[in-house]
1. How many angstrom lie between the Cα centre of the range 1-28 and the Cα centre of the range 56-111?
2. For the range 20-25, take each phi angle, set θ = phi - 60°, evaluate the Karplus expression 6.51 cos²θ - 1.76 cosθ + 1.60, and give the result in whole Hz per residue in order, putting x for glycine and proline.
3. Estimate the FRET efficiency between Ser85 and Val112 by the formula 1/(1 + (r/R0)^6), using the beta-carbon distance for r and 41 Å for R0, to the nearest 0.05.
4. Would you mind giving the three semi-axes, in whole Å and largest first, of the ellipsoid equivalent to the range 1-46 according to its Cα gyration tensor?
5. Which ³J(HN,Hα) values, rounded to whole Hz and listed in residue order, are derived for the range 100-106 from phi using the Karplus coefficients 6.51, -1.76 and 1.60 in 6.51 cos²θ - 1.76 cosθ + 1.60 with θ = phi - 60°, glycine and proline given as x?
6. Out of the range 1-76, which trypsin sites (Lys or Arg not before Pro) are coil in DSSP terms and have no more than 11 other C-beta atoms within 10 Å?
7. Give or take rounding to whole Å, what are the principal axis extents of the alpha carbon atoms in the chain, in descending order?
8. Hey, rough spin-label estimate for Asp69 and Ile17, points 7 angstrom out along Cα→Cβ, what's it come to in nanometres?
Amino acid sequence: MTKNIINFIATVLIALILSQFLPWWSVMLAAFATSLFFNLKGVSVFVVPFLAITLFWMIYAFWLSNANDFILANKIAVLLPLNGSAILLILVTGLIGGLAAGISGIFGKQCVTLLSKH
C-alpha cells in the first residue's frame, strides 16, 4: 500500500514538473519513470498511474478553465458530442490522460521485467 501511495505522489510531482516544459505526453514519461523505480504488482501497475494522472489532469483542466469562466471549455464541449458541458469535457480530458499514463506504466513495468531476466 505504501508503494502505491509513493508511486501516486511521485507520478503527480514528476508530471507537474515535466508539464511545465514538455507537451501533453510528459505525463507518459512520468508514469514510465515511476514504473521503473517502484515495483508495483498486479493491477496496480495500471491503476496507480491512471488515477494519478486522471486526478492531475482534471484538477489542472479545472484550474485553467476556471480562470476564464469556462468559456473555452464550453465552446470545445459544443464541438464534441458533450452537449456543451465543460465538466464533462474535464472528465473526458482526465480519462484520456489517465489511459495514456496507465498504458505507459504497464510499458515501464514490462521494460523492468525484460531487463531483469538477462
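1. Distance between centres, Cα-based: 16 Å.
2. After applying 6.51 cos²θ - 1.76 cosθ + 1.60, I find 6, 10, 10, x, 4, 6 Hz.
3. Once rounded, the FRET efficiency stands at 0.55.
4. The three semi-axes for the range 1-46 are 20, 10, 7 Å.
5. Here the 3J(HN,Hα) series is 4, 6, x, 5, 5, x, 4 Hz.
6. Qualifying residues, ordered by number: Lys41.
7. Computed over the Cα atoms, the extents are 53, 26, 26 Å.
8. Rounded to a tenth, the inter-label distance reads 3.9 nm.
Each reported figure results from applying straightforward, stated rules to the coordinates on display, with no laboratory input. From a predicted model like this one, the values you see are computed outputs, not experimental measurements. Methodologically, a virtual Cβ is constructed for each residue, glycine included, from the backbone with ideal geometry; neighbour enumeration extends over all protein chains shown.
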